[in-house]
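The values are calculated or read from the model by the stated rules, or taken from the named source; none is laboratory data. Source: prediction; values computed, not measured. Note that we place each Cβ from the backbone using ideal geometry, even for glycine, and neighbour counts take in every protein chain shown. Note: accessible area is taken over every heavy atom of the protein model, side chains too, but ligands, DNA and RNA are not part of it. Shrake-Rupley method; radii C 1.70, N 1.55, O 1.52, S 1.80 Å.
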Amino acid sequence: MPIFEALESNRWRPSPLAAGPFGGLQGGAVASLLTAEVEALAGPRNWGTAISSTAWFLRPTPMADLRTELRVVSEGGRVNVIDNTLWPVGEEAPCATARVTLSRERAIEVNGVVEAGSTRADPAQYPERKVNLVTGKKWFMDAMEARFGDGIAWFRMHDSIIEGAGPLSSILGPADWTHGIARPVQNVVADPNPNLTVQLFRRPRGNWLGVRAEARWMPASGIGAGGGTLVDVEGEIGRVSMSVVLVPFPKPAAAAS
């Protein structure tokens, strides 16, 4: 069953698997939905393959029925650009927006160019890592399998985002964890990412996505950045990047006297 149920045209109902850890939806799930809707239309509209998506998280997205609205920025050439914006049904302020770039593939002969980072990997050899909410409720991490080994975090989605979703949307969810994988220190501050960008130079092969992540923090300004190389079982496929905002954890409420 898809993580987002289609109610009617441009209307979606998130399942519990779209939830984030702090209430509302996980940013990666939101970015995946906005991109998946564009990918599902790419074939009928002859837009080509989605090669890049940048999402901006404008405010928390609630666990509620949602509506989306697509806007064609550029269409008709080899490169097409589509915006998609999301609102809770009945509200006027958007929660998130994404810009998806698509390109029609065309083979080009260039001497001396080889496929980047061509390797072979078997993520199943690494131990599985489970991350459960203290509440015991389902959340976005339950929609995927996670394994870690040799400096790479590997993910495999078990559930589709929507019917007809393409490969880029299945990558955005796992890629949204990049800044958390490479935190300089743990359990000191919260580090939400207000945006997420994924760029691909080839389609993934197989169901596994690996992230070779890094993150940098500047506590004096309260900002940072995360990024990394994206790989599949045969080698490099693209890049991920995001900004990071450092936020102190809420202080525990004083005990009542």
Under a plain spin-label model, where a point goes 7 Å from the Cα along Cα-to-Cβ, how far apart in nm are R120 and S74?
4.1
Averaging sequence separations of C-alpha pairs under 8 Å and six or more residues apart, then dividing by the length of region 1-105, give the relative contact order as a whole percent.
28
When all protein chains stay in place, what accessible area (Å², nearest 10, 1.4 Å probe) is found for S243?
50
Just S15, S241, S53 to compare: in a GNM of the chain, with alpha carbon springs under 10 Å, which one fluctuates most?
S15
With a 10 Å cut-off between alpha carbons and a GNM built on the chain, which of F201, F148, F140 moves the most?
F201
Region 14-51 and region 196-226: distance between their alpha carbon centers, rounded to Å
17
Options (i) 17.5, 53; (ii) 18.5, 55; (iii) 18.6, 77 for Rg and Dmax of the Cα atoms in Å; the value derived from the coordinates is listed as (iii)
Compute, for E91, the solvent-accessible surface of its heavy atoms (probe 1.4 Å) with the complete set of protein chains present, and express it in square angstrom to the nearest 10.
80
For region 4-69, which whole percent of the accessible surface, found with a 1.4 angstrom probe, sits on carbon and sulfur atoms?
54
What is the set of long-range amide H partners of G238 at a cut-off below 5 Å, with H atoms built 1.01 Å from backbone N?
F201, L230
Considering every pair of different Cα atoms, what Kirkwood radius, in Å, is found for region 135-237?
14.7
With every protein chain kept in place and a 1.4 Å probe, the residues D122, D83, D150, D142 fall, from largest accessible area down, as D150, D122, D142, D83
Each residue of region 27-44 in turn: what ³J(HN,Hα) in whole Hz from Karplus with 6.51, -1.76, 1.60 and θ = phi - 60°, glycine and Pro shown as x?
x, x, 5, 5, 4, 5, 4, 4, 6, 4, 5, 5, 4, 5, 8, 5, x, x
So what is the calculated 222 nm ellipticity per residue for the chain, using -39500 (n - 2.57) for each DSSP H run with n of 4 or more, over all residues, to the nearest 500 deg cm²/dmol?
-3500 deg cm²/dmol
Accessible area of R99 in the full protein assembly, 1.4 Å probe (Å², nearest 10):
90
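Starting from the residue with the highest accessible area, list E37, E75 in decreasing order, probe 1.4 Å.
The most accessible residue leads, giving E75, E37.
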Just the number, please: carbon plus sulfur as a percent of the accessible area of region 116-257, 1.4 Å probe, no ligands or DNA/RNA counted.
53
Could you work out which residue, out of S170, S160, S221, moves most in a Gaussian network model of the chain, that is, has the largest mean-square fluctuation with Cα springs under 10 Å?
S221
If unit charges are put on Cβ atoms (+1 for Lys and Arg, -1 for Asp and Glu) and the dipole of region 40-116 is taken about its Cα centre, the option from P88, L102, M63 lying farthest towards the positive end turns out to be L102
For W12, W56, what's the largest-to-smallest order of accessible area, 1.4 Å probe?
W56, W12
